[in-house]
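The values are calculated or read from the model by the stated rules, or taken from the named source; none is laboratory data. A quick note: this is a predicted structure, and the numbers were derived from the prediction, not measured. Heads up, the Cβs are rebuilt from the backbone with ideal geometry, glycines too, and the neighbour counts pull from every protein chain shown.
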Amino acid sequence: MMSSMPPSDQNNNKKFKPEQFRDLFRSMNDLIHEKPVKGFLQSIDEFFNSPFPSGAFPIQVRESEDKYIITAELPGVKKEQIRLNFLPNQLTISIENTESGTTEDLNNRIFQKRISHERLSRTISLPVVINEKMVKASYRDGLLTITVPMVRGKSINIED
């Protein structure tokens, strides 16, 4: 009696050998550590390690009856890195970060020196003239708060 099932032999039941996977993983590892992919992966790491990956930082401007309150979220930034500059009706918040490092061998000879400088800034325009002597700023727990009082101009009566 003949069966519709093919005869069972070892060629039909191939098993994967560990060597095949080892070769596959070695090829993938080589690909990841080669130039274009390795550089791309490093840039992704730098993107997520940066406090401000998009090149900007979030700012919120609120208006009350007599002042503007501007808040900027600056996690990981030191107070010394923050600069505030004023123009008649503009406020610019700048953050500067300079890092340097050297790598030396056993004989204290420098074979790698790295210096990086990063500057981010945001400018806020306000509908009033800013009197910088009246502006107050505080920085606590990564939150910069700037209070700009509204300076009222003189009003002129129109005659008939």
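Observations on the structure shown:
- Within the set Ile130, Ile146, Ile93, the sole residue that is of a type in the set (Val, Ile, Thr), over 17 Å from the mean Cα position of the chain (by Cα) and closer than 16 Å to Lys79 by Cα turns out to be Ile146.
- Each residue in segment 109-147 was checked for being part of a strand (DSSP E or B) and either closer than 15 Å to Tyr68 by Cα or free of Cβ contacts under 8 Å to residues at least 24 places away in the same chain (or both), and 20 pass.
- Selection within segment 133-147 - surrounded by fewer than 12 Cβ atoms within 10 Å (Cβ to Cβ) and under 14 Å from Ile93 (Cβ atoms): Ser138
- Checking Ile82 against (1) modelled with pLDDT of 75 or more; (2) over 30 Å from Arg152 (Cβ atoms), the condition it does not meet: (2)
- For segment 108-132, the tally of residues that are at pLDDT below 75 and either in contact with a helix residue (DSSP H, G or I) (Cβ under 8 Å, 6 or more places away or on another chain) or surrounded by 10 or more Cβ atoms within 10 Å (Cβ to Cβ) (or both) stands at 1.
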